[in-house]
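Here is the structure we will look at, set down as structure tokens.
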Amino acid sequence: DIGESDEPIPLPNVTAKVLEKVIEYCEYHIDDPDPIQDDLDEIPKRSDDIEPRDENFMKVDQELLFEILLAANYMDIKPLLELGCKTVANMIRNKTAQEIRTMFNIVDDFSPEEREQIKKENEWAEDH
């Protein structure tokens with residue numbers, strides 16, 4: 001809380017379009033109770049509990065989605081950051097690595113040997 005001031009607050013790399021979305025989110029959720037801290041850290045996070053209004057709010061193009069995530073992180077708006085992360089988690093749920101690479105334009109520059117080594121090191125994560 002910085003109190004009342006006429007001094008501008010610098011928001012580098014936050015465009016007007018992104019700021020409008022952040023303000024829209026904050027205005028809608030202004031009366032929400034503060035999230036309980038610490039106790040929730042031990043509870044596994046879910047991504048299937050997004051309110052329909054918030055789910056609709058996050059139906060934006062990928063570039064704007066990630067700009068909202070960056071702005072929420074920079075401005076320390078944890079509920080918006082969590083909503084954005086849940087949205088991304090839902091986007092990649094049940095997708096193969098190749099589908100995720102395609103979705104996010106990620107170049108697969110691993111050699112076959114490197115790919116095999118990574119697969120071997122992460123066998124524990126398969127079938128879970």
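The values are calculated or read from the model by the stated rules, or taken from the named source; none is laboratory data. Since the structure is predicted, the reported quantities are computational estimates derived from the model, not experimental observations. Glycine gets a Cβ as well: all are built from the backbone with ideal geometry, and neighbour counts include every protein chain shown. With ligands, DNA and RNA removed, areas are computed over all heavy atoms of the protein, side chains included. Shrake-Rupley method; radii C 1.70, N 1.55, O 1.52, S 1.80 Å.
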Connecting every pair of Cα atoms under 10 Å apart in the chain and solving the GNM, the largest mean-square fluctuation among 50, 68, 118 falls on 118
For the chain, built as a Gaussian network whose Cα springs stay under 10 Å, the top-fluctuating residue of 11, 19, 64: 11
Within a Cβ distance under 13 Å of residue 106, other residues only, what is the Lys/Arg minus Asp/Glu net charge? -1
Using alpha carbons only, how many degrees (0 to 90, rounded to 10) separate the axis of helix 62-74 from the longest principal axis of the chain? 60
Return a whole-number percent for the relative contact order of the chain, with Cα pairs under 8 Å and 6 or more residues apart as the contact set. 24
How far apart, in nm, are the 7 Å Cα→Cβ label points at residue 47 and residue 123? 2.7
How many Å² of accessible area per residue for the chain, probe 1.4 Å? 82
Length released on extending from residue 66 to residue 11, taking residue separation times 0.36 nm less the Cα-Cα span: 18.2 nm
Taking 41 Å as R0, compute the FRET efficiency from the Cβ-Cβ separation of residue 55 and residue 114 and round it to 0.05. 0.65
Please find, in a Gaussian network model of the chain (springs between Cα atoms separated by less than 10 Å), the residue of 55, 27, 114 whose mean-square fluctuation is greatest. 114
Taking 1 over the mean of 1/r across every pair of different Cα atoms in the chain, what Kirkwood radius in Å do you get? 17.6
Carbon and sulfur together cover what percent of the accessible area of the chain at a 1.4 Å probe radius? 52
